[in-house]
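So the structure is just underneath, and the comments pick up after that.
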Amino acid sequence: MYFNDPTFLLLIPALLLALYAQWKVKSTYEKYSRVPCSRGYTGAQVARYILDDYRLQNISVEPTPGELTDHYDPRTQKLCLSQGIYGSNSVAAVGVAAHEAGHALQDAKAYAPLKIRNGLVPVTNLGTTLAFPLFILGMFAGLPQLMDIGIILFALAVIFSIVTLPVEFNASSRAIRVLADGNFLTEKELPMAKAVLNAAALTYVAATAMAVLNLVRLLALRGQRD
Ligand SMILES: [Zn+2]
């Protein structure tokens with residue numbers, strides 16, 4: 001019943017958006033990872049320059065395995081760049097590295113949405129693990145209270161997904177500003193880096209749309225029980 005209930009149809013637009021976003025990020029990244037930036041900086045160098053410029057010498061820039069696994073870890077104060085970004089001097093690499101540095105700057109400036117997002121991580125982990133099992137158990141066992149607990153837990157995961165959006169958009173706008181101000185990219189290269197970051201942001205929008213529609217779906221299923 002879980003997959004053949006009609007509310008599943010609600011997810012189709014979000015699934016299509018997610019597929020489009022995946023394709024867009026992959027094709028844009030591939031395209032601009034073949035364009036070397038004219039000033040010759042690598043992703044690691046750009047991240048280091050930006051961090052030093054903001055007196056964040058304590059944050060280390062390190063390579064990490066995998067593709068597009070780039071992230072900033074606020075607990076260990078490490079800016080981890082994937083192999084394809086760390087040593088590459090492509091426009092895409094410089095853009096992604098600056099975006100991750102943007103997260104480090106958010107952390108240093110105690111940017112509120114980032115604080116909220118980090119605070120939500122433990123409840124979100126619990127929520128995403130337990131929400132669906134509790135909801136489905138409640139549905140089968142005829143315990144609407146259990147379904148409600150599942151919905152509340154899932155709603156927390158939706159809030160997390162929504163709060164992630166300003167964090168991601170802000171990191172990208174900081175990145176573009178810093179790349180322009182620091183003359184890391186030329187006028188011609190900036191829109192290319194922007195395109196890579198916009199495509200990446202679209203994957204977060206798609207994930208949020210999916211989460212919101214899943215919540216609507218749970219509420220619809222819950223409504224049918226009353
Ligand atoms: Zn990010």
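The values are calculated or read from the model by the stated rules, or taken from the named source; none is laboratory data. Keep in mind that this is a model prediction, so the values were computed, not measured. Methodologically, a virtual Cβ is constructed for each residue, glycine included, from the backbone with ideal geometry; neighbour enumeration extends over all protein chains shown. Each accessible area value is taken on the protein alone, full model and side chains, heavy atoms only, with ligands, DNA and RNA left out. Shrake-Rupley method; radii C 1.70, N 1.55, O 1.52, S 1.80 Å.
If you scan the stretch 42-64, which residues turn out to be acidic (Asp, Glu) and more than 16 Å from residue 177 (Cβ to Cβ)? Don't jump to the end; show me each part of the working.
Kept after step one, since they are acidic (Asp, Glu), are these residues of the stretch 42-64: 52-53, 62.
Of everything in the stretch 42-64, those that are acidic (Asp, Glu) and more than 16 Å from residue 177 (Cβ to Cβ) turn out to be 52, 62.
Could you say which residue among 165, 197 is in contact with a His (Cβ under 7 Å, 6 or more places away or on another chain) and within 22 Å of residue 107 (Cβ to Cβ)?
Just a single option satisfies the conditions, and that option is 197.
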Just checking, how many residues over the stretch 157-172 are away from the ligand (no atom under 16 Å from the Cβ) and open to solvent by 50 Å² or more (accessible area, probe 1.4 Å)? 1
Tally, over the stretch 109-125, of residues that are among the hydrophobic types (A, V, I, L, M, F, W, C) and without any contact (Cβ under 8 Å) to a residue 12 or more places away in the chain: 2
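In this structure, is residue 180 closer than 30 Å to residue 35 by Cα, free of Cβ contacts under 8 Å to residues at least 24 places away in the same chain and open to solvent by 20 Å² or more (accessible area, probe 1.4 Å)? Let's see the steps before the verdict.
Numbers: closer than 30 Å to residue 35 by Cα: yes; free of Cβ contacts under 8 Å to residues at least 24 places away in the same chain: yes; open to solvent by 20 Å² or more (accessible area, probe 1.4 Å): yes.
It is true that residue 180 is closer than 30 Å to residue 35 by Cα, free of Cβ contacts under 8 Å to residues at least 24 places away in the same chain and open to solvent by 20 Å² or more (accessible area, probe 1.4 Å).
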In the set 78, 115, which member is among the charged types (D, E, K, R) and under 22 Å from residue 160 (Cα atoms)? 115
Test result for residue 164, part of a helix (DSSP H, G or I) and in contact with a Phe, Trp or Tyr (Cβ under 8 Å, 6 or more places away or on another chain): yes
Of everything in the stretch 100-125 that's open to solvent by 50 Å² or more (accessible area, probe 1.4 Å) and within 20 Å of residue 69 (Cβ to Cβ), which residue is nearest to the chain's Cα centre (by Cα)? 117
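Please work out which residue is farthest from residue 202 (Cα to Cα), limiting yourself to the stretch 27-59 and to residues that are exposed (fewer than 14 other Cβ atoms within 10 Å of the Cβ) and under 23 Å from the mean Cα position of the chain (by Cα).
Looking only at the stretch 27-59, we keep the residues that are exposed (fewer than 14 other Cβ atoms within 10 Å of the Cβ), and these are 27, 30, 34, 38, 40, 52-53, 55, 57-58.
When the remaining residues are screened for being under 23 Å from the mean Cα position of the chain (by Cα), the result is 27, 30.
On the way: 27: 13, 30: 16 Å.
Only one residue tops the list, namely 30.
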So residue 180, is it under 22 Å from the mean Cα position of the chain (by Cα) and of a type in the set (A, V, I, L, M, F, W, C): no
Just give me the residues in the stretch 78-93 being of a type outside the set (Lys, Arg), surrounded by 15 or more Cβ atoms within 10 Å (Cβ to Cβ) and at pLDDT 95 or above, in sequence order. 79, 80, 81, 82, 85, 86, 88, 89, 90, 91, 92, 93
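Name every residue in the stretch 69-108 that is without any contact (Cβ under 8 Å) to a residue 40 or more places away in the chain and either within 15 Å of the ligand (Cβ to nearest atom) or in contact with a His (Cβ under 9 Å, 6 or more places away or on another chain) (or both), in order of residue number. Step through it out loud before you land on a result.
Taking the stretch 69-108 first, the residues without any contact (Cβ under 8 Å) to a residue 40 or more places away in the chain are 69-73, 75-83, 107.
69, 70, 71, 72, 73, 78, 79, 80, 81, 82, 107 - these are the residues of the stretch 69-108 that are without any contact (Cβ under 8 Å) to a residue 40 or more places away in the chain and either within 15 Å of the ligand (Cβ to nearest atom) or in contact with a His (Cβ under 9 Å, 6 or more places away or on another chain) (or both).
Can you tell which of 201, 193, 209 is at negative phi and within 13 Å of the ligand (Cβ to nearest atom)?
Working: 193 fails: within 13 Å of the ligand (Cβ to nearest atom); 209 fails: within 13 Å of the ligand (Cβ to nearest atom).
Only one candidate passes the filter, namely 201.
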Among the residues of the stretch 130-151, write down those that are among the aliphatic types (A, V, I, L, M), under 12 Å from residue 222 (Cα atoms) and surrounded by 15 or more Cβ atoms within 10 Å (Cβ to Cβ). 136, 139, 146, 147, 149, 151
